[in-house]
There are 2 protein chains.
Amino acid sequence: MTLQDVLAELGATAKGTTHAATGLWVAEQLRHRIADGDLAPGTKLAEESLCEALGVSRNTLREAFTMLHAEHVVERIPNRGVFVARPSADDIRQIYRLRRFVEPAALLWSDDDGGLAALEAIVARAQVAAATLDITAMAGANQEFHRALVARAGSQYLNSTMELVLAQMRLVFHSMAVNPDFHAPYVAGNAQIVGLLREGNKAGAAELMTHYLGRAEAQLLAAMERSATHRR
Amino acid sequence: MTLQDVLAELGATAKGTTHAATGLWVAEQLRHRIADGDLAPGTKLAEESLCEALGVSRNTLREAFTMLHAEHVVERIPNRGVFVARPSADDIRQIYRLRRFVEPAALLWSDDDGGLAALEAIVARAQVAAATLDITAMAGANQEFHRALVARAGSQYLNSTMELVLAQMRLVFHSMAVNPDFHAPYVAGNAQIVGLLREGNKAGAAELMTHYLGRAEAQLLAAMERSATHRR
DNA sequence: CCCAAGGTTATTGTTGAACAATTGGGCCCT
DNA sequence: AGGGCCCAATTGTTCAACAATAACCTTGGG
């Protein structure tokens, strides 16, 4: 989908809507477009065209930009404009440094039945998606799994940080050609982790999670390396 | 210090300075003023007066507001304006839920000598401040201790989350009359924790940290309860 | 033919002013 | 005294302008 198409669609959606807090609304629209991959990483978000497409003023658009910038969803280069963020190898390392810290801890230190059934339901959804080869649904369910896992810790701060990280992960998936069945092994892995949790073996679950996270990071870094050299 | 005084000072500071990214500069100024307690929690930040004092336009000021809002440093009430945030009891509970999760984990899972000397230096500073009854320096050193402790985990995401939390904590201290030597017991506590760490007893250190954090939360909630009833 | 230097153009950064929308308080009436 | 209405003040949003910066294009030289 080209930038022009996105602009056209946004314009169509915008018509007739009343926005209580316009800046928030604009930020939300862009966030969704970016999350869905309609606006690919690296795309320049020119102010003038977006203003017109969204039917808002440049000032309001810029307010939305500062929000998205705070969320690391876009990158801002002075006097050059804002671009959809393109995570670097170092960003990936930062992401997984956090995840290897937070997710095992969430497994170890949560109440014994803090939403375990919910986790199992998500795993089941992922398995269905895997069986029907629905890559998108599989990726979505995997994200949902990790989000729910962290939510068990019961901390809003942690939840919003995790939300940032998952948004970055989507950008990672969009910004390079990852093997389509990258997600598949982790569906099984998540099932295994939930199984250990059900048995009450938290330490085992945490250890397995650490292992899988390390593996995923290595895979992504390798894939990034490949696409970097390939692009030269 | 009244709002008028702060405005006057800001005006004096602003003269002759060139600001590369004006919005960022304004946000920084306000952030510092709020952190230092010059702008007390609940203070209304009227747009017009601030514009004039800072020598920036309303639009730029509003850009700074959205940044500070994202950091939970100010509260925004539609059509009413922005106010310096006044943490609620629930905010305090959220803060400590995060800290009881993150800080013990940081103690347990950091490299054996990840900045241990730095932690000891901070504790020493806090002890000097306690001996000379310098409350402000004591509070500052305590904050520094927890910041450095989390930094040992090596995650930028965790660092910036912790930065948000510590900013909130400053607001808590400013928004209610906490016993002046509230901080004193924790200077000793932090020394104890570092001592255990030096012996290699991470589990003991983590346990003690959990204990102290629970104690601090209870104290703050009680103090908040007191000032709430007192104010009626 | 390639490269470098300089000017041109397009885009962003910032400001100021204008108008609509909403809130809170004062005023009047009962 | 209490309730409802109007007005003033402030915020939300837009528009238009100008300065500053960076990318592009042209031109001249090797």
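Report yes if some residue within the stretch A:125-139 is within 14 Å of chain B (Cβ to nearest Cβ) and either away from DNA strand D (no atom under 16 Å from the Cβ) or surrounded by fewer than 14 Cβ atoms within 10 Å (Cβ to Cβ) (or both); otherwise report no. No; the residues of the stretch A:125-139 include none that is within 14 Å of chain B (Cβ to nearest Cβ) and either away from DNA strand D (no atom under 16 Å from the Cβ) or surrounded by fewer than 14 Cβ atoms within 10 Å (Cβ to Cβ) (or both).
Filtered by the rule that a residue be open to solvent by less than 60 Å² (accessible area, probe 1.4 Å) and farther than 16 Å from B:His146 by Cα, the stretch B:203-217 gives a lone residue, B:Gly204.
Return the residues of the stretch A:37-57 that are near DNA strand C (Cβ under 10 Å from one of its atoms) and open to solvent by less than 40 Å² (accessible area, probe 1.4 Å); say none if nothing qualifies. Those that are near DNA strand C (Cβ under 10 Å from one of its atoms) and open to solvent by less than 40 Å² (accessible area, probe 1.4 Å): A:Leu45, A:Ala46, A:Leu50, A:Cys51. The residues listed here are A:Thr60, A:Thr66, A:Thr136; of these, the one that is more than 13 Å from DNA strand C (Cβ to nearest atom) and not aliphatic (A, V, I, L, M) is A:Thr136. Condition check for B:Leu197 on (1) closer than 26 Å to B:Met224 by Cβ; (2) more than 14 Å from chain A (Cβ to nearest Cβ): one failure, at (1).
Within the group B:Glu63, B:Glu75, B:Glu28, which residue is over 30 Å from B:Arg152 (Cβ atoms) and part of a helix (DSSP H, G or I)? Exactly one of B:Glu63, B:Glu75, B:Glu28 is over 30 Å from B:Arg152 (Cβ atoms) and part of a helix (DSSP H, G or I), namely B:Glu63. Pairing each residue of the stretch B:89-112 that is in contact (Cβ under 8 Å) with a residue 12 or more places away in the chain with any residue that is hydrophobic (A, V, I, L, M, F, W, C) and surrounded by fewer than 16 Cβ atoms within 10 Å (Cβ to Cβ), provided the two are 6+ apart or on different chains, yields C-beta distances under 8 Å for B:Ala89/B:Leu221; B:Ile92/B:Leu221; B:Arg93/B:Leu221; B:Leu108/B:Ala203. If you go through the stretch B:69-88 one residue at a time, how many are more than 9 Å from DNA strand C (Cβ to nearest atom), of a type in the set (A, V, I, L, M, F, W, C), within 14 Å of another protein chain (Cβ to nearest Cβ) and surrounded by fewer than 22 Cβ atoms within 10 Å (Cβ to Cβ)? Counting residues in the stretch B:69-88 that are more than 9 Å from DNA strand C (Cβ to nearest atom), of a type in the set (A, V, I, L, M, F, W, C), within 14 Å of another protein chain (Cβ to nearest Cβ) and surrounded by fewer than 22 Cβ atoms within 10 Å (Cβ to Cβ) gives 1.
For the stretch B:64-78, the condition holds for at least one residue, the condition being that it is over 17 Å from B:Met162 (Cα atoms), small (Gly, Ala, Ser) and within 15 Å of DNA strand D (Cβ to nearest atom). Taking the stretch B:139-166 as the range and being small (Gly, Ala, Ser) and touching a His at 6+ places or on another chain (Cβ under 6 Å) as the test, only B:Ala139 passes. Among the residues making up the stretch B:100-132, those that are in a helix (DSSP H, G or I), in contact with a helix residue (DSSP H, G or I) (Cβ under 9 Å, 6 or more places away or on another chain) and over 26 Å from B:Phe182 (Cβ atoms) are B:Leu108, B:Leu116.
Among the residues making up the stretch A:174-186, those that are in a helix (DSSP H, G or I) and either crowded, with 19+ Cβ neighbours inside 10 Å or within 14 Å of chain B (Cβ to nearest Cβ) (or both) are A:His174, A:Ser175, A:Tyr186.
When the stretch A:48-63 is limited to residues that are within 28 Å of B:His72 (Cβ to Cβ) and charged (D, E, K, R), the one that is farthest from DNA strand D (Cβ to nearest atom) turns out to be A:Arg62.
For the stretch A:161-168, check the following and say yes or no: at least one residue is closer than 19 Å to A:Pro41 by Cβ and part of a loop (DSSP other than H, G, I, E, B). Scanning the stretch A:161-168, I find no residue that is closer than 19 Å to A:Pro41 by Cβ and part of a loop (DSSP other than H, G, I, E, B), so the answer is no. Report, ordered by the first and then the second residue, all pairs with beta carbons closer than 8 Å, sequence separation of six or more or different chains, a first member in the stretch A:43-67 that is within 22 Å of B:Ala27 (Cβ to Cβ), and a second member that is assigned to a loop (DSSP other than H, G, I, E, B) and away from DNA strand C (no atom under 11 Å from the Cβ). Correct list of pairs: A:Leu45/A:Leu39.
The values are calculated or read from the model by the stated rules, or taken from the named source; none is laboratory data. These figures come from a predicted structure and were not determined experimentally. All Cβ positions, glycine included, derive from the backbone under ideal geometry; neighbour counts span all protein chains shown. These area figures cover heavy atoms from the full protein model, side chains too; ligands, DNA and RNA do not enter into them. Shrake-Rupley method; radii C 1.70, N 1.55, O 1.52, S 1.80 Å.
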